Each structure stands twice: as structure tokens, then as C-alpha cells.
Amino acid sequence: MAAPAWKTAADLTEGFLSLNSVMLKKFEAHELVALQAELEKAAREARSTIVPQDDADASQKKNRKLLRISQALTVIQAFRIRGR
């Protein structure tokens, strides 16, 4: 992995990077585990963020971030189950 797992997870969370099976082939097994752990950590942090009820933009931003994390975790899990 060119970047540390926390940096890749941050890029995924912010939408600068998208995961697919071709990209995941470049990762070693231990790197995928580390990336998955960082994404789960980012999801916990995003869920714990309190957004005011009247702030629709902040709520949408939080939900988009959680959606990106969820999609990335799904792609990683499917890739690990299917194997290389």
C-alpha cells in the first residue's frame, strides 16, 4: 500500500478515492485488514458526531460519509470472501 491505512480510509471517507476489485488486488491481506479496521473506526467516529436538527447540509454530509464507508466495507468484505 502506498499510503498508510488511516490515510486511505480518510480519502475513502471524504470521497477522494473509490474502491473496486482491481484496486484491492494491489493490497496484501494484512493491509486489507488494517484498512477495514480504519474504516470501522471512521464509521464509529462519524456516527458519534452530533449534528443539529436544523442543519440539513451537515446531516447530508454525515450521511454521505457513512454511505461511502459502508460501501467501501462491503467491497472489501466481498473481495476477501471471494478471494483473489
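The values are calculated or read from the model by the stated rules, or taken from the named source; none is laboratory data. As the structure is a prediction and not an experimental result, all values here were calculated from the model. Virtual Cβ from ideal backbone geometry, glycine too; neighbours counted across all protein chains shown.
Scanning the range 47-79 for residues that are closer than 19 Å to residue 15 by Cβ, more than 11 Å from the chain's Cα centre (by Cα) and among the aliphatic types (A, V, I, L, M) yields 51, 56, 58.
Being out of contact with any helix residue (DSSP H, G or I) (no Cβ under 9 Å at 6 or more places or on another chain), among the hydrophobic types (A, V, I, L, M, F, W, C), over 26 Å from residue 82 (Cα atoms) and assigned to a helix (DSSP H, G or I) is the requirement here; does residue 58 meet it? Judged against the criteria, residue 58 is a match. Among the residues of the range 64-78, are any in contact with a helix residue (DSSP H, G or I) (Cβ under 9 Å, 6 or more places away or on another chain) and assigned to a loop (DSSP other than H, G, I, E, B)? Among the residues of the range 64-78, not one is in contact with a helix residue (DSSP H, G or I) (Cβ under 9 Å, 6 or more places away or on another chain) and assigned to a loop (DSSP other than H, G, I, E, B), which makes the answer no.
Applying the criterion of being closer than 12 Å to residue 13 by Cα and of a type in the set (Gly, Ala, Ser) to the residues of the range 25-46, the residue that is farthest from the chain's Cα centre (by Cα) is 46.
Only a single item in (1) at pLDDT below 95; (2) surrounded by 14 or more Cβ atoms within 10 Å (Cβ to Cβ); (3) of a type in the set (Val, Ile, Thr) is not met by residue 49, and it is number (2). Within the set 41, 25, 7, the sole residue that is exposed (fewer than 11 other Cβ atoms within 10 Å of the Cβ) and basic (Lys, Arg) turns out to be 25. Looking only at residues that are small (Gly, Ala, Ser) and touching a residue at least 12 places away in the same chain (Cβ under 8 Å) in the range 52-77, which one is farthest from residue 7 (Cα to Cα)? Filtering first and then ranking leaves 70.
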